[in-house]
1. Within 13 Å, Cβ to Cβ, of D126, how many net charges do the neighbouring residues add up to if Lys/Arg are +1 and Asp/Glu are -1?
2. What residues of region 129-167 lie in the reach of a label at T62, counting those whose backbone N is under 17 Å from a point 7 Å from the Cα along Cα→Cβ?
3. Hey, got a sec? Which trypsin sites (Lys or Arg not before Pro) in region 39-138 land in a DSSP loop and have at most 14 other Cβ atoms within 10 Å?
4. So what is the relative contact order for region 89-164, in percent, with contacts set as C-alpha pairs under 8 Å and at least six apart?
5. Would you tally the net charge around G159, using a Cβ to Cβ cut-off of less than 14 Å, leaving G159 out, and scoring K and R as +1, D and E as -1?
6. Under 17 Å from a label point 7 Å along Cα→Cβ of E80: give me every residue in region 153-193 with its amide N that close.
7. So, in Å, what gap is there between the alpha-carbon centers of region 137-193 and region 108-136?
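A short reminder: the numbers here are calculations on the coordinates, not readings from a lab. Just so we're clear, the structure is a prediction, and the values are computed from it rather than from any experiment. Methodologically, a virtual Cβ is constructed for each residue, glycine included, from the backbone with ideal geometry; neighbour enumeration extends over all protein chains shown.
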Amino acid sequence: MIGLRCDHPGPAGPPHRQRAAERLGIAGRQTRGAPLSDFSQRDLRDALGRFATGVTVVTTMTPHGPLGMTVNSFASVSLEPPLVLWSPARRSSRFADFEAATHFAVHVLSAAQRELAMRFARRGDDFSGLDWSPGIGGVPLFPDCSARLECCHTARFDGGDHLIVVGEVLRLTEQELPPLIYHRGRYRGLAGA
């Protein structure tokens, strides 16, 4: 892992940023908004909430049974090898089980799966009444998702109050279903989908 440190060098910015700004013809321009670090966690959460994301449920099998978590911090990393990442919160009661897991499945939810997203946003061990089957490594697999990726953990990185989990996709399924979207604290369908 490569570690970088972001120092706050003052209003002029670090030399590499000054040179980049000069090359791009934007040197000396003021940015609108709050100064560096002059914002609360709530401000940051509100700003990031304006970025619409898809909604996923990540599942794994633990010694205590199946476990799931609603996640929107999911992204592709690489096509070759096929890698994805997601980021569980360290403060989550489910964190230790997901950190220890060797396999997981990412379910990209369809618009019809809002209840599934809400269920696993609250509790991760409530699989009662759900239709699922075991996948690679015994991980729970839900039907009727827009996409489903079965993965093995390949790397973990510190991400502050989250852990960045990278997994290699071992098997996938997909189907044409309208996606579930999360934007500004609400689940939504995609207009025109």
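1. On the way: positive: R94, R119, R122, R123; negative: E115, D125.
Combined, the nearby Lys, Arg, Asp and Glu give +2.
2. Output list for this probe position: 138-141, 163.
3. Values: sites: R42, R45, R50, R90, R91, R94, R114, R119, R122, R123; in loops: R50, R90, R91, R94, R123.
In loop regions of region 39-138 (DSSP not H, G, I, E or B), the sparsely surrounded trypsin sites (Lys or Arg not before Pro) are R50, R90, R91, R123.
4. On the way: 79 pairs, mean separation 33.2, N = 76.
Rounded, it is 44 percent for region 89-164.
5. Numbers: positive: R90, R91, R156; negative: E99, D158, D161.
Result for the neighbourhood of G159: 0.
6. Hits in region 153-193 for E80 at 17 Å: 169.
7. 12 Å
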